[in-house]
Amino acid sequence: MTQLYGHTLTRREIAERAGLLSQFAGVRLMTLGDGVERGIRMLEFRTGTGLRFTVLVDRALDIADCDYKGQAIGWHSPAGFRHPALHEYEGENGLAWARSFSGLLVTCGLDHILGPEETPADNYNYPGKRSVCHSLHGRISTIPARLTGYGETWIGDRCVLWAEGVVQQSAVFGENLHLLRRIEADVGGNEIRIGDRVVNQGFRRTPHMYFYHINIGHPVLDQGSRYLAPIRDVAWAAHAGEAYRRQDVGYHTVPAPQAAFREQVWQHTLAADAAGEQPVALVNDRLGIGLIVVTRRDQLPCLYQWQNFQAGEYVLGIEPSSHHVLGDLAARERGEMIWLEHGEGRDYQARFQILEGAAEIAAAESRISAIARQPVEDFPEPSGRFPTLEGRS
């Protein structure tokens, strides 16, 4: 059964009330036509509850817009949703990625996820390629997908909106990694589900790293908004030391935009519930709205928190990751790099759920605190402990 507009309806009852489901909900393919967005294919999802989000087919099937009942959830940067043909991956000493950075979800990987770094390339067995120069957050987010399907599927009286595609990060004498992505949302629901599988289609042993850059903007992000997570330990902060309290902004409570704010990044070690899930949320109690992100500890065991409260770029990032913030070379040295042989793959799932009203926010907070109580102190001292990541090949 489907909950719509205060009623519980069967598939027949929904069909009786409109000539097409698209009156209430659906998935529609369109092409953007102006400015830096020109030529990007986009899928618009509407669930009928007020949840609307868009998926950029030509940018790795990442999520661009997201709003709920007219209130923005996702972040729009000054860069906009730039067509991938305009992107220069190697530009600006590896930082040109920031010129294509915008939206609720930006996927990072598939063989590199963190800052610019040069790594050995002997695994590719090509004499002319001794190393690989990686730019910020990897290549995948600006690669167009091959759209393999989208639409609405009825399962009894439940209707699932969905899209699927394949994003190929490939090179001669290099990696041949494929991202197979499926995105779902239920008609009558307030949840976005992502199911990813990364597969090595090549015949060379290939490194793999992955994380979700989930970017929440105003009005969910506002002065007084709260960050909720089952934090066992604060492992690292980019601004630790003399600068730790300089901006008077801790990990837990959000300030208003600041003209001279310098970004802060934290790595938290989370506890998981009995099902292995790690929920993290940002909530705005004044408006009674929030977003909770749920991932799995056995897939994405590390979590970064990105704070960019600079005026004009006001955003908070929830960033579940396959690896510590230490980087690519450190992952290799610690024996924590994921190496994929031909045909091997890794699976990742994530759920984004809108929290509406004080009761849903309280229930999410109770769920998180039951797993682990996060530090009360806004400036917990980073421990420098990076637990060994298990299950790497």
_Neighbourhood charge, 9 Å Cβ-Cβ cut-off, centred on Glu44 and excluding it, Lys, Arg +1 and Asp, Glu -1_ = +2
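Any idea of the accessible area per residue across segment 1-128, 1.4 Å probe, to the nearest Å²?
46 Å²
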_Using a 7 Å offset from the Cα along the Cα-to-Cβ direction at both Leu329 and Leu86, what is the distance between the two label points in nm, to one decimal?_
3.5 nm
*Alpha-carbon centroids, segment 1-69 and segment 318-393: separation in whole Å*: 30 Å
*asked:* Given Cβ point charges of +1 (Lys, Arg) and -1 (Asp, Glu) and nothing else, what value in debye, to the nearest 20, does the dipole of segment 255-316 about its Cα centre take?
replied: 80 debye
*Tell me what the chain gives for mean residue ellipticity at 222 nm when only DSSP H runs of n ≥ 4 count, each as -39,500 (n - 2.57), the sum divided by the residue total, rounded to 500 deg cm²/dmol.*
-2000 deg cm²/dmol
*asked:* Please compute one quarter of the surface area of the Cα convex hull for segment 30-95 and express it in square nanometres.
replied: 5.1 nm²
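Quick one: ranking Lys129, Lys69 by accessible area, 1.4 Å probe, largest first, what do you get?
On the way: Lys129 50, Lys69 115 Å².
Heavy-atom accessible area, descending, gives Lys69, Lys129.
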_Give me the tail of P(r) for the chain as a percent: Cα-Cα pairs with distance above 27 Å._
50 percent
*Note down the magnitude of the dipole of the chain about its Cα centre, charges +1 on Lys and Arg C-beta and -1 on Asp and Glu C-beta and zero elsewhere, to the nearest 20 debye.*
560 debye
*Per-residue accessible area for Trp306 at 1.4 Å probe radius, Å² rounded to 10?*
20 Å²
*asked:* How compact is segment 330-393 by the rule of thumb for globular proteins, expressed as Cα Rg over 2.2 N^0.38 Å?
replied: 1.71
*Over the heavy atoms of Val199, what accessible area does a 1.4 Å probe trace out, to the nearest 10 Å²?*
20 Å²
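With contacts defined as alpha carbon pairs under 8 Å and 6 or more residues apart, what's the relative contact order of segment 133-233 in percent? Walk me through the numbers before you get to the answer.
On the way: 128 pairs, mean separation 16.9, N = 101.
17 percent.
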*Over the chain, what relative contact order in percent results from Cα pairs under 8 Å that are six or more residues apart?*
15 percent
*Accessible area, 1.4 Å probe, largest first: how do Thr49, Thr54 sort?*
Thr49, Thr54
*Could you point to the residue in Gly317, Leu340, Ile371 farthest towards the positive end of segment 308-387's charge dipole, with +1 and -1 charges on the Cβ of Lys/Arg and Asp/Glu respectively?*
Ile371
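The values are calculated or read from the model by the stated rules, or taken from the named source; none is laboratory data. If you're wondering where the values come from, they're calculated on a predicted model, not measured in any experiment. So basically every Cβ, Gly included, is an ideal-geometry build from the backbone, and we count neighbours across all protein chains shown. Calculation scope for accessible area: heavy atoms of the full protein, side chains included, ligands and nucleic acids excluded. Shrake-Rupley method; radii C 1.70, N 1.55, O 1.52, S 1.80 Å.
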